[in-house]
Amino acid sequence: MKVSHASILLVVSLSYLSYVFQIFHRTFWTSGLGDWMDPYFINYLLEHWYHSLTTLSDPSSPPMYFPFQKTLGYSHGLILYAPFYLPIRPFFHPFQAYSLSLFVVIETGILCLYLIFRKFFELSFIESLLLSVFFFTSQNVINGTVAVWSQRASVFLIPPILVMLLASVGQRDGPPRLILSAVSGFLATLLFAHDFYTAQFALFFVVLFLAAALFIESQPSVTQSISSFWKDQRLPARMAIATAGVATVWTCYVWKFGGGKVLVLGVRIVSHDWRRPALLVLASLVVWAGLRGGRRITADLSAVRPWLWAFVVGAIAGSAVFLWIYLPAYREHRSFPEQDLLNALAVRDQSRWTNPLDAVRDLGAYSTLRSFKLVAVLAVVACALRFTVDRRIRLYCLWAVAVSLVVFVIPLRVGDFSIWLMFFRRFPGFSVIRDPTRIIYLYELAVVLAAGLFLTRFRRNAVWRVGVCLLLLFFIITDHNSDVFGYERPVAVYRRWVTAPIDIDRTCKSFFIKGASDYYMERSPQMWALYNIDAMFVSLNGAVPTLNGYSAWYPEGWNLLNPQEADYTDAVRRWILRYDLRDVCAFDIEARTMRVVTAR
């Protein structure tokens, strides 16, 4: 009986994931993934999507932090996990539905990544298999922290999106192609609403890929094209372009350094708002477009392929969803506190370094460096064999080394210096990222995709292709991953405290949770997470919004953190009075009652 190549990959990936998820262990079916903190909250978010669909309620406003709306924007929305969770949830408990949906997400990403290598890159089965295995067995991609923060597995959502995009490019013109392209554009930007970190870092690598292709594939025609473009412009158009260029530099300076004061011909110019020169950039481009002529611009736009227009339309729709959910929260919270970012950076003490090797060993902030080693080896070999390797390939390798060095040092802080603090966080979107180490997931994916493209350059050179495969196999064997996921949330405990019947006063319009006994608090030392997330689950099940909540951010003035703290009752009273709430109930989680209280 002939076994297909895809079946082999399926067996390999399912076997590995079954080991990682411990799917044949009893705890997988009796407990929830991770502990009672962030994993419990993530489980709540997925249950919220299920509740929102079944009750046709607003998905952007989970019933927490009452009376605030758009509270989903205070953390990652996990909207792209919902299509995997929803069909599983009716047949399983929320804890098992969460674990199984994450399993399916990762397996789907693996199969789509293999499909990219096999069909679209036209690599051999062995090459596609090794590249796929190299990615999903990396300890940087699948490790114990994914069980705690499963949004880190969002990198596995990118291969399905790429498959749809590549399929739309490869099809003939027609409705199926346009639909696929629009859906891929929609999902690509919806990734920002799912997990902003993953989307932002993915965009970072997309820009780097496009920049490499522009400056390497087009050389030396880039310089010639720029020169020809400049000569083709009339004097007024040149002035508009020059103004736009100066204003762009001005915008970047003000945005990065906060502006300043300068004297020009005795005139004092003060600039502290980057939006003003940015508007000048836009106005200059509009003037240039008008001078260039509407007919010529229309002709240029008509040359754009229909599938690209469909992608743009889908991307705009996804961006609209993202802004609908996250714009209110972003207006309230522009960035995380400085200390949160400092705590995420890996501090290194250079006084302990006695030689360069000590520095290299100490600087490693990631679980494994095998992808960095792969890039380094390929670059060294490609540059050493300069007479047998195409010049463009060598440039790509050097580009990959430069990017790898940046990724390597991004999460580090040596003394008072950090490339992230000094440079990256000043760019739009990066200011709300408090854990730069999460770039490693997207770097690992970028490396295997780049390696696949690298192999396509040697279609007639079997030696190179065999050499790369042997190198991949060597790293897979010598740097293997033995991490497994943990399950610390027994279903029986959840049923005891959350889903057990509650006597709810019919007049309750909202509620807050009261303090409980030591027996209740034995589940977890993190009282903020335990009380608030329990209240959030009870809110979903009982259809009564709660004043409590748990997320990365919370509303201004909210301080209902821990019922065990002395000022908790006063904080509840202040919150009720501040928003003039009526018929607020106190939830006694041990007595299983919810009764109306007065704030006065």
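Yes/no matrix, rows are residues, columns are (1) of a type in the set (A, V, I, L, M, F, W, C); (2) in contact with a Lys or Arg (Cβ under 8 Å, 6 or more places away or on another chain); (3) touching a residue at least 24 places away in the same chain (Cβ under 8 Å):
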| residue | (1), (2), (3) |
| --- | --- |
| R426 | no, yes, yes |
| R438 | no, yes, yes |
| L442 | yes, no, yes |
| L455 | yes, yes, yes |
| V468 | yes, no, yes |
| G486 | no, no, yes |
| R495 | no, no, no |
| A500 | yes, yes, yes |
| K514 | no, no, yes |
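Taken over segment 570-596, the criterion of being more than 39 Å from the chain's Cα centre (by Cα) and under 11 Å from D505 (Cα atoms) is satisfied by D583, T593, R595, V596.
For segment 83-198, the helices (runs of 4 or more DSSP H) that sit wholly inside it and include 3 or more residues that are touching a residue at least 12 places away in the same chain (Cβ under 8 Å) and within 17 Å of V448 (Cα to Cα) are 94-115, 125-136, 158-170. Of the residues making up segment 319-333, those that are in contact with a Ser or Thr (Cβ under 7 Å, 6 or more places away or on another chain), among the small types (G, A, S) and closer than 16 Å to W553 by Cβ number 0. Being aromatic (F, W, Y) and touching a strand residue (DSSP E or B) at 6+ places or on another chain (Cβ under 9 Å), is that true of even one residue in segment 97-115? So far as segment 97-115 goes, yes, one or more of its residues are aromatic (F, W, Y) and touching a strand residue (DSSP E or B) at 6+ places or on another chain (Cβ under 9 Å). Selection over segment 399-429 of residues that are surrounded by fewer than 13 Cβ atoms within 10 Å (Cβ to Cβ), of a type outside the set (D, E) and part of a loop (DSSP other than H, G, I, E, B) gives a count of 2.
Conditions tested, residue by residue: (1) touching a Pro at 6+ places or on another chain (Cβ under 8 Å); (2) β-branched (V, I, T).
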residue	(1), (2)
Y81	no, no
I116	yes, yes
V141	no, yes
G144	no, no
M164	no, no
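To keep it simple, each residue is scored yes or no on (1) surrounded by fewer than 19 Cβ atoms within 10 Å (Cβ to Cβ); (2) more than 30 Å from T478 (Cβ to Cβ).
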residue	(1), (2)
V141	no, no
A153	no, no
F156	no, no
V163	no, yes
A167	yes, yes
L178	no, yes
T189	no, yes
A199	no, yes
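Could you go through segment 383-391 and let me know if any residue there is among the hydrophobic types (A, V, I, L, M, F, W, C) and in a helix (DSSP H, G or I). Within segment 383-391, one or more residues are among the hydrophobic types (A, V, I, L, M, F, W, C) and in a helix (DSSP H, G or I). Within segment 24-47, restricting attention to residues that are among the β-branched types (V, I, T) and out of contact with any Phe, Trp or Tyr (no Cβ under 7 Å at 6 or more places or on another chain), the residue that is surrounded by the fewest Cβ atoms within 10 Å (Cβ to Cβ) is T30.
Any residue that is assigned by TED's automatic domain parsing to the domain that holds D588, part of a loop (DSSP other than H, G, I, E, B) and either within 14 Å of Y40 (Cα to Cα) or among the charged types (D, E, K, R) (or both) - is there at least one of those in segment 528-548? There is no residue in segment 528-548 that is assigned by TED's automatic domain parsing to the domain that holds D588, part of a loop (DSSP other than H, G, I, E, B) and either within 14 Å of Y40 (Cα to Cα) or among the charged types (D, E, K, R) (or both). Considering only residues in segment 465-487 that are touching a strand residue (DSSP E or B) at 6+ places or on another chain (Cβ under 9 Å) and surrounded by 19 or more Cβ atoms within 10 Å (Cβ to Cβ), the one that is farthest from T569 (Cα to Cα) turns out to be F485. Quick one: in segment 503-512, which of the residues that are out of contact with any Ser or Thr (no Cβ under 7 Å at 6 or more places or on another chain) and of a type in the set (A, V, I, L, M, F, W, C) is farthest from R582 (Cα to Cα)? Here the answer is I504. The set of residues in segment 507-526 that are modelled with pLDDT under 90, in contact with a Leu (Cβ under 8 Å, 6 or more places away or on another chain) and either under 15 Å from L560 (Cβ atoms) or of a type in the set (S, T, N, Q) (or both) contains only S524. Only one of the numbered conditions (1) more than 16 Å from A153 (Cα to Cα); (2) in contact with a Ser or Thr (Cβ under 9 Å, 6 or more places away or on another chain); (3) not aromatic (F, W, Y) is not met by T27, and that is (2).
Of the residues making up segment 508-537, those that are buried (at least 24 other Cβ atoms within 10 Å of the Cβ) and over 29 Å from the mean Cα position of the chain (by Cα) are F511, F512, I513. Of everything listed in (1) under 26 Å from L369 (Cβ atoms); (2) loosely packed, with under 12 Cβ neighbours inside 10 Å, the single unmet condition for R457 is (2).
Of everything in segment 549-596 that is assigned to a loop (DSSP other than H, G, I, E, B) and of a type in the set (G, A, S), the residue that is surrounded by the fewest Cβ atoms within 10 Å (Cβ to Cβ) is A566. The single condition among (1) touching a Cys at 6+ places or on another chain (Cβ under 8 Å); (2) part of a helix (DSSP H, G or I) that V493 does not meet is (1). Which residues, taken from segment 471-485, are out of contact with any helix residue (DSSP H, G or I) (no Cβ under 9 Å at 6 or more places or on another chain) and part of a helix (DSSP H, G or I)? Result: F474, I477. The set of residues in segment 556-590 that are more than 25 Å from G73 (Cβ to Cβ), modelled with pLDDT of 90 or more and hydrophobic (A, V, I, L, M, F, W, C) comprises L577, C585, A586, F587, I589. Within segment 472-480, is even one residue at pLDDT below 85 and under 30 Å from P39 (Cα atoms)? For segment 472-480, residues at pLDDT below 85 and under 30 Å from P39 (Cα atoms): present.
When the criteria are applied in full, L80 fails the requirement of being assigned to a helix (DSSP H, G or I) and at pLDDT 95 or above.
The values are calculated or read from the model by the stated rules, or taken from the named source; none is laboratory data. Since the structure is predicted, the reported quantities are computational estimates derived from the model, not experimental observations. Here the Cβ is made from the backbone with ideal geometry for all residues, glycine too, and neighbour counts use every protein chain on show.
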